[in-house]
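**Q** If you scroll down you'll find the structure; I have some questions about it.
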Amino acid sequence: QVQLVESGGGLVQPGGSLRLSCAASGSIFRFHAMGWYRQAPGKQRELVATVTSGGSANYADSVKGRFTISRDNAKNTVYLQMNSLKPEDTAVYYCKATTVMRDYWGQGTQVTVSS
């Protein structure tokens, strides 16, 4: 069974930075892609960034130039570096891993951007 555990969320002021981590149980090589999604109160879950097993990254327009997704295969971990944070980035951030059979989700980590 795949387990994804997110960490790194918290309260940060506008303009600040956070780095989220998603640690997977076992090797992440088995995942076609891994990604970060977020869900703000009253809104649908939306894609933030994804990275394929080959290292290709994709970003939502709203975070391009501010967020960077990366993966450390040796640590079975995917990261999301978030810079220049805005209040509208406030949401629960979820990690997702994709295999040929199904998707797996983490439990989420809260990010709050507020002064």
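**Q** Could you check segment 41-60 and list, in sequence order, the residues that are assigned to a loop (DSSP other than H, G, I, E, B), of a type outside the set (S, T, N, Q) and loosely packed, with under 14 Cβ neighbours inside 10 Å?
**A** Pro41, Gly42, Lys43, Gly54, Gly55
**Q** Here's another thing I want to ask about it. Give the residues of segment 26-44 that are out of contact with any helix residue (DSSP H, G or I) (no Cβ under 9 Å at 6 or more places or on another chain) and closer than 22 Å to Val100 by Cα, sorted by residue number.
**A** Gly26, Arg30, Phe31, His32, Ala33, Gly35, Trp36, Tyr37, listed by residue number.
**Q** Does segment 94-103 hold any residues that are within 11 Å of Ala33 (Cα to Cα) and among the hydroxyl-bearing types (Ser, Thr, Tyr), and which are they?
**A** Thr98, Thr99 - these are the residues of segment 94-103 that are within 11 Å of Ala33 (Cα to Cα) and among the hydroxyl-bearing types (Ser, Thr, Tyr).
**Q** I need the full set of residues from segment 69-108 which are surrounded by fewer than 16 Cβ atoms within 10 Å (Cβ to Cβ), free of Cβ contacts under 8 Å to residues at least 60 places away in the same chain and in a strand (DSSP E or B), in order please.
**A** Within segment 69-108, Ser70, Asp72, Asp103 qualify.
**Q** Scanning for something aliphatic (A, V, I, L, M), open to solvent by 30 Å² or more (accessible area, probe 1.4 Å) and touching a strand residue (DSSP E or B) at 6+ places or on another chain (Cβ under 6 Å), does segment 23-36 turn up at least one residue?
**A** Looking through segment 23-36, at least one residue is aliphatic (A, V, I, L, M), open to solvent by 30 Å² or more (accessible area, probe 1.4 Å) and touching a strand residue (DSSP E or B) at 6+ places or on another chain (Cβ under 6 Å).
**Q** Going residue by residue through segment 21-34, is there one that turns out to be at pLDDT 95 or above, out of contact with any Phe, Trp or Tyr (no Cβ under 8 Å at 6 or more places or on another chain) and not aliphatic (A, V, I, L, M)?
**A** no
The values are calculated or read from the model by the stated rules, or taken from the named source; none is laboratory data. Since this is a predicted model, take the numbers as computed values, not measurements. Glycine gets a Cβ as well: all are built from the backbone with ideal geometry, and neighbour counts include every protein chain shown. Only protein heavy atoms, including side chains, enter the accessible area calculation; ligands, DNA and RNA are left aside. Shrake-Rupley method; radii C 1.70, N 1.55, O 1.52, S 1.80 Å.
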